[in-house]
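Enquirer: I have a structure I would like to understand better, so I am pasting it below and will then ask my questions one at a time.
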Amino acid sequence: MDEALAAVDALDRALVGGLLRPRPERAADLVELARAVAGTPLAGRVAEAAEKAAAGAASEDHFLALAAARTALLGAAHDALTARLDEVTGRPRGEAAAVEPGERDTVNLLLAARTWLADLARTGWQGIDHELAGAAAPIVSAMLPDPALRRLATLLDGFAAELAASCPGTALERFPARRWGDLWARALLLTRPGAAEPTAVVAATGRLLPLGVDLHEHATAAQAQVYAVFEPADGGPPRLVRASVSAPKPDTIVAAGVWQLLRPHLSLLTALGEGRAMDLTDMPLTDGGDLIWDEERARPGEPAEAFATARVALPAATAPPTPPLDRHPARLAEPVFLEGYGVRQDGDALTFTVAGRPLTVDTDRIPAAGPLTPEAVAASGACFGLLRWDDGTFRVQPLAVETTVRKKTVAVQAGAWAGGTADKAGVRAEKAATDAVTVLRERAGRLLRK
């Protein structure tokens, strides 16, 4: 693991200074990357690419080979961590089905994106300026109308915005080398025709048992991912699945207010808040475990308590395979149920002791848009969460806990307010968000009238 990540870091160091005229120590870093994949089918192409890049003569295809080697190393690290998780949980994991890429009449746009990314590699993060960062804008604008290119367009747009916010590179004291290396390599691979093809899709009919929701917030966007167990109507094995919804938002809407933006597009959020299952009919389900949500194919079902699902259905559920380009340690988010653990509090740091081993609790990921708090987690006796890998260690992100209140065991969900709430704090937050939306709509109306 350490050796694989060290080889990734070697390429990232080279990208900081740029590959137009790499210094001797950066040439050695490229050799280290090539050596790391010497026993793989990538060996010949990466060795050639490393040699050309060290001489400052790398072409776009050479940069693509370097990006592929970097991605393969992180994919191997992801697979090793996933194997450890499967061993610990005893959970079976499905196998990915092959998908034939379709024909795309967008080669010119993909080549334009690749040229921009190659220019970034030659310049390096130290040499970025507003002109270079802004050169992605016309490419993004041309890509966005095509749904098949929107994934790459969104990535390029966000990457260019981060670079522009950091210009000039010569003034930066530190560089987010791993992050920018990730974005650069992912974008380069997505310029390969067919690389962004979706995984195989089947029609799912059966019962969906929600477990918990992971909320992601950004100043201008929000996303909710609901983790659930799907029980097929034909009696097939249960499967771990996700259903996601995203929405743009103004930066004035925060905390519980974001549910107002997400709730109308995903009735599963209301079902989770009410403790209900949902009955699905021919809902599209990808090979990677993602439900492509369609409200017309879902209806509320019987009551289903999330912790009962976690105790009974979760251990037997088959985990989905990870799509090839998504194999990255940072993307690990394995649903787990823990109970009978010890709790140790050291300042703001919270640690569970599970089977005699310490497990750090990532309380920073607990959203402000629900009643779950670090204090509730510290007082808990059972926890449903996501096992993640960060900075060389596994951490658990709580999504729901069971704790004792007035001698009664109660469940506290991070997404308890997703479907609406009578909780005083939640009601205040929703009212504030409603007022903010009303004001923004009035201002927008005035601007349009003018």
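Enquirer: Between K249, K52, K424, find the one with the highest GNM mean-square fluctuation for the chain; connect C-alpha pairs within less than 10 Å.
Expert: Fluctuation is largest for K424.
Enquirer: Same structure, new question: Along the charge dipole of the stretch 325-413, which of V336, T409, A368 sits closest to the positive end, that is, farthest toward it, with unit charges on the beta carbon of Lys, Arg, Asp and Glu (+1, +1, -1, -1)?
Expert: T409
Enquirer: When all alpha-carbon pairs of the stretch 325-413 are counted, what percent fall beyond 18 Å? Display every interim value, and only then the final one.
Expert: On the way: 1640 of 3916 pairs.
Every Cα pair in the stretch 325-413 considered, those over 18 Å come to 42 percent.
Enquirer: Another one. Relative to the longest principal axis of the chain, what angle (0 to 90°, nearest 10) does the C-alpha long axis of helix 107-123 take?
Expert: Once rounded, the angle reads 70 degrees.
Enquirer: So for the chain, if I pair up every lysine 8 or more residues apart or on another chain, how many of those pairs have alpha-carbons under 28 Å apart?
Expert: Details: K249/K424; K249/K431; K249/K450; K407/K424; K408/K424.
Taking the chain as the scope, the lysine pair count is 5.
Enquirer: Placing unit charges on C-beta atoms (Lys and Arg positive, Asp and Glu negative, everything else neutral), compute the dipole magnitude of the chain about its Cα centre in debye, rounded to 20.
Expert: On the way: 48 positive and 57 negative charges, 185 e Å.
My answer is approximately 880 debye.
Enquirer: Next up: With only alpha-carbon atoms in the gyration tensor, what are the semi-axes of the equivalent ellipsoid for the chain, in Å, largest first?
Expert: Over the Cα atoms of the chain, the semi-axes work out to 39, 27, 23 Å.
Enquirer: Now, a different point. Amide H to amide H, which residues 5 or more places from G212 or on other chains are under 5 Å from it, using H placed in the peptide plane?
Expert: Y227
Enquirer: Out of the DSSP beta bridges found with both residues in the chain, what percent are antiparallel (nearest 5)? Can you show the working numbers first?
Expert: Working: 66 of 72 bridges.
Around 90 percent of the beta bridges assigned by DSSP in the chain are antiparallel ones.
Enquirer: Tell me the angle of helix 2-17 to the major Cα principal axis of the chain, expressed in degrees between 0 and 90 and rounded to the nearest ten.
Expert: Between helix and principal axis, roughly 60 degrees.
Enquirer: Related question: With a 10 Å cut-off between alpha carbons and a GNM built on the chain, which of E375, E305, E231 moves the most?
Expert: So, out of E375, E305, E231, the one fluctuating most is E375.
Enquirer: Whole-Hz ³J(HN,Hα) for each residue in the stretch 315-332, computed from phi via Karplus 6.51 cos²θ - 1.76 cosθ + 1.60 with θ = phi - 60°, x for glycine and proline: what do you get?
Expert: Each residue of the stretch 315-332 in turn: x, 9, 6, 7, 7, x, x, 8, x, x, 6, 8, 6, 7, x, 5, 8, 5 Hz.
Enquirer: Same structure, new question: List the relative contact order of the stretch 1-134 as a percent without decimals, with contacts defined as Cα pairs under 8 Å and 6+ residues apart. Before the final figure, lay out each step's value.
Expert: Numbers: 134 pairs, mean separation 45.6, N = 134.
Reported relative contact order: 34 percent.
Enquirer: Report, in debye and to the nearest 20, how large the dipole of the stretch 201-316 comes out about its Cα centre when Lys and Arg carry +1 and Asp and Glu carry -1 on their Cβ.
Expert: 180 debye
Enquirer: Considering amide H positions built from the backbone, and no H for Pro or chain starts, which residues 5 or more places from A204, or on another chain, come under 5 Å of its amide H?
Expert: D282, M283, L285
Enquirer: In degrees, nearest 10, range 0 to 90: what is the angle between the Cα axis of helix 150-165 and the longest Cα principal axis of the chain?
Expert: Between the helix axis and the principal axis of the chain, the angle is about 70 degrees.
Enquirer: While we're looking at this one, here's another question. From largest to smallest, what semi-axes in whole angstrom does the stretch 201-316 give when each is the square root of 5 times an eigenvalue of its alpha carbon gyration tensor? Don't skip to the end; give the middle numbers.
Expert: Details: eigenvalues 126, 45, 31 Å².
Gyration-tensor ellipsoid for the stretch 201-316: 25, 15, 12 Å.
Enquirer: The stretch 1-160: percent of C-alpha pairs farther apart than 25 Å?
Expert: Working: 5491 of 12720 pairs.
Distances greater than 25 Å cover 43 percent of the Cα pairs.
Enquirer: Right, another one. Any idea what the relative contact order of the chain is, in percent, if you count C-alpha pairs under 8 Å spaced at least 6 apart?
Expert: Details: 841 pairs, mean separation 63.3, N = 450.
Relative contact order for the chain comes out at 14 percent.
Enquirer: Rule-of-thumb check for the stretch 1-58: C-alpha Rg over 2.2 N^0.38 Å?
Expert: Values: Rg = 10.6 Å, N = 58, 2.2 N^0.38 = 10.3 Å.
Taking N as the residue count of the stretch 1-58, the ratio is 1.03.
Enquirer: Then there is this: Test of the criteria: in the stretch 368-414, which trypsin sites (Lys or Arg not before Pro) are in a DSSP loop and have at most 13 other Cβ atoms within 10 angstrom of their Cβ?
Expert: On the way: sites: R388, R395, R406, K407, K408; in loops: R406, K407.
When the trypsin sites (Lys or Arg not before Pro) of the stretch 368-414 are filtered for loop state and at most 13 Cβ neighbours within 10 Å, R406, K407 remain.
Enquirer: Could you derive backbone 3J(HN,Hα) for the stretch 291-308 from the dihedral phi with the Karplus parameters 6.51, -1.76 and 1.60 (θ = phi - 60°), listing whole Hz in sequence and x where the residue is Gly or Pro?
Expert: 7, 8, 5, 9, 4, 6, 9, 9, 9, x, x, 6, x, 8, 7, 4, 6, 5
Enquirer: Could you give each residue of the stretch 334-346 its phi-based ³J(HN,Hα) in whole Hz, using Karplus coefficients 6.51, -1.76, 1.60 with θ = phi - 60°, and x for Gly or Pro?
Expert: Residue by residue, the stretch 334-346 yields 8, x, 9, 10, 10, 7, x, 8, x, 10, 10, 10, 10 Hz.
Enquirer: Rounded to the nearest 20 Debye, what is the dipole magnitude of the stretch 1-132 about its Cα centre when Lys and Arg each give +1 and Asp and Glu each give -1 at the C-beta?
Expert: Working: 14 positive and 21 negative charges, 42 e Å.
The dipole of the stretch 1-132 has a size of about 200 debye.
Enquirer: Another question about this same structure. Between G236, A256, H216, whose Cα lies farthest towards the positive end of the dipole of the stretch 201-316 when Lys and Arg beta carbons carry +1 and Asp and Glu beta carbons carry -1, centred on the Cα centre?
Expert: A256
Here, each number is a calculation from the coordinates, and none is a lab measurement. It should be emphasised that the depicted structure is a prediction, and the values quoted were computed from it without experimental measurement. Glycine gets a Cβ as well: all are built from the backbone with ideal geometry, and neighbour counts include every protein chain shown.
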